[in-house]
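A quick write-up on the structure given underneath.
The values are calculated or read from the model by the stated rules, or taken from the named source; none is laboratory data. Worth saying up front: this structure is predicted, and the values here are computed from it rather than measured. In this analysis, Cβ positions are derived from the backbone assuming ideal geometry, glycine residues included, and neighbour counts consider all displayed protein chains.
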Amino acid sequence: MTDIKSMTLQELMAEMEKLGEKKFRATQIYNWMHQKLARSFDEMTNLSAALREKCKEQYEITALQAVQVQESAIDGTRKYLFALSDGNVVESVWMKYKHGNSVCISSQVGCRMGCKFCASTLDGLERNLTPSEMLDQIYSITFLTRERVSNVVVMGTGEPMDNYDNLLRFLKLLTAEEGLHISQRNITVSTCGIVPKMRELAEEKLQITLALSLHATTDEKRKKLMPVANSYSITELMEACRYYFEQTGRRITFEYSLVGGVNDTDEDAAELIALVKPLNCHVNLIPVNPIKERDFVQSENAAIQAFKNKLEKNRINVTIRREMGRDIDGACGQLRRRHKEQVTAIGGNKR
């Protein structure tokens, strides 16, 4: 069946014409899916019963089912585990801030990037998410919380640039005037550094924020943490970041996970300053969220603060990421992995 929620309004108009329907029917259906967040054709009450039946026969409406929800007792962050139609599951996180509600979504089921401190990648990549599966993480959370989402971060399970075409379509649907119409400036896309795709994205001239997971300041150290560094050097990465800024006018965010005794020394701080100071950028220091499968530990608070102070003294824009949901499997991939282990333990579906 055809995935109707991944279609643009123009594509949907062409579909309706094929069915012998007027173009305005496409606008009605699009509005139901992307503004009213309808989860079935039966909810579309201004369509004739005959058209609803015709649509049910030909099209599938992606409607994710929440199979588990964890809520933080500390800050109210909610982590959702959503079941996909093929039995796979993905994670999304809802975070409440003073400036509005943010949702962090997944772009793939699993991940093949192999970053050493991330639970998402431990079982490899299952498959890419469709644009509608990415969208419906936001739609389902909006439906469940009854609150508007104002910021979206594509920083959950998966590498967005490894699902590039679906990512682009997702961004266009999410920001379309006929849909939720979330501002491009309120969207952040994270990457571990797939240079050709970073350059392609720059050429789209979107107004989204690009966040690069840097995590180390030398190729040698980065290769130990992130296998993608074997393909693209830090020099190439910095050139791609410069190009992104030139094409879009949007400053880059550098994500830097502080791992105790690995990348949090005075020398690391000095190297990071030398690397990013020439760029229009923001550095987001992330106290690493430990996972049981790895022996990485979070840097001491004093070391984190000292690292931040060194950057600030060099007039680099820097924040320490506020830890959200630490008490609810906060790190990417933890909840999905635990769910898989539980399913395997009871001899059920081993996906």
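Please determine whether any residue of the stretch 281-293 is assigned to a helix (DSSP H, G or I) and in the same structural domain as Lys116 (by TED's automatic domain parsing).
no
Output the residues belonging to the stretch 90-110 that are modelled with pLDDT of 95 or more and part of a loop (DSSP other than H, G, I, E, B).
Within the stretch 90-110, Ser106, Ser107 meet the criteria.
Please verify whether Lys56 is surrounded by 14 or more Cβ atoms within 10 Å (Cβ to Cβ) and modelled with pLDDT under 95, treating the condition exactly as stated.
no
Are any residues in the stretch 239-272 among the aliphatic types (A, V, I, L, M) and crowded, with 18+ Cβ neighbours inside 10 Å, and if so, which ones?
Ala240, Ile252, Leu258, Val259, Val262, Ala269, Leu272 - these are the residues of the stretch 239-272 that are among the aliphatic types (A, V, I, L, M) and crowded, with 18+ Cβ neighbours inside 10 Å.
What pairs come up if the first residue lies in the stretch 301-317 and is surrounded by 12 or more Cβ atoms within 10 Å (Cβ to Cβ), the second is part of a helix (DSSP H, G or I), and their beta carbons are under 6 Å apart, counting only those six or more places apart or on different chains?
Phe307/Ala269; Lys310/Ala269; Asn314/Ile273
Can you name the number of the only condition in (1) crowded, with 18+ Cβ neighbours inside 10 Å; (2) closer than 21 Å to Val67 by Cα; (3) not polar (S, T, N, Q) that Arg127 fails?
(1)
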